[in-house]
Amino acid sequence: MPPHRSAPTAYAYISHMYYQLNEVNPQAAVASLLPCYWLYAQIDAHLAKLTSPKPLYQAFFNAYASDDFTTSTNQMLDLVNQTAAASSPDVQIQMATAFKRSAVYESHFWQMAYQKNGGNQKKRAAQPPIRAV
C-alpha cells in the first residue's frame with residue numbers, strides 16, 4: 001500500500017498537539033487533546049438519537065455513543081480540570097491557549113470533511129490559511 005499523505009488540516013492539528021507536548025509542557029498537551037473527545041461526545045449526544053442506513057455511519061454513531069467513550073471523555077475532562085487546578089497561572093494560560101487552538105483545528109477538520117476536500121489539492125489551495133487563536 002502506498003504511504004498515505006495527511007490532509008494539511010489534519011497534519012496541522014496533529015503537529016499542534018505534538019508541539020504542545022514537545023515545546024510547551026505536558027499540561028498543555030493534555031489540554032490540547034480535550035476538544036477532540038469533548039466534541040465527539042457532544043456530536044454523538046445529538047446523533048445517538050438518529051440512525052443511518054449506511055453501516056459505516058451507524059458504526060460511527062454507535063462507537064461514540066458507547067459507555068466506554070463516555071467514560072473516557074469524562075476521565076479526560078477530569079484529568080484536564082485536575083491538571084489545571086494543580087498548575088500555576090502561567091501554565092493554566094498555556095493550557096487554555098492549547099485547548100482553544102485545538103478547538104479551532106477541530107473546526108477546520110470538520111469543515112474539511114464537510115466540504116469533502118481533504119484529498120483535493122485545488123480546493124485545499126483555495127481555502128484560507130488556518131489562524132491560530
- Enumerate the whole-percent occupancy of each 10 Å bin, from 0 to the last occupied one, for all C-alpha pair distances of region 1-113. 14, 36, 34, 14, 2
- Query: Quick one: which of 70-83, 9-22, 28-41 comes out on top by average Cβ neighbours within 10 Å, and what's the full order, highest first?
  - Reply: 28-41, 9-22, 70-83
- Query: Using a basic spin-label model with each label point 7 Å from the Cα along Cα→Cβ, how many nm lie between Ala96 and Lys116?
  - Reply: 4.1
- Query: Taking N as the number of residues in region 71-120, what value does Rg over Cα atoms divided by 2.2 N^0.38 Å take?
  - Reply: 1.53
- Roughly what would the spin-label model give for Ser15 and Ala63, points 7 Å off Cα along C-beta, in nm? 2.6
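Scaled to the compact-protein estimate 2.2 N^0.38 Å, what is the alpha-carbon radius of gyration of region 1-59, rounded to two decimal places?
Its radius of gyration relative to the 2.2 N^0.38 Å reference: 1.52.
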- Task: Kindly report the accessible area of region 57-112 per residue (heavy atoms of protein chains, probe 1.4 Å, no ligands, DNA or RNA), in Å².
- Result: 60
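The values are calculated or read from the model by the stated rules, or taken from the named source; none is laboratory data. Predicted model, so just to flag it, every value in this text is computed and none were measured. Heads up, the Cβs are rebuilt from the backbone with ideal geometry, glycines too, and the neighbour counts pull from every protein chain shown. Note: accessible area is taken over every heavy atom of the protein model, side chains too, but ligands, DNA and RNA are not part of it. Shrake-Rupley method; radii C 1.70, N 1.55, O 1.52, S 1.80 Å.
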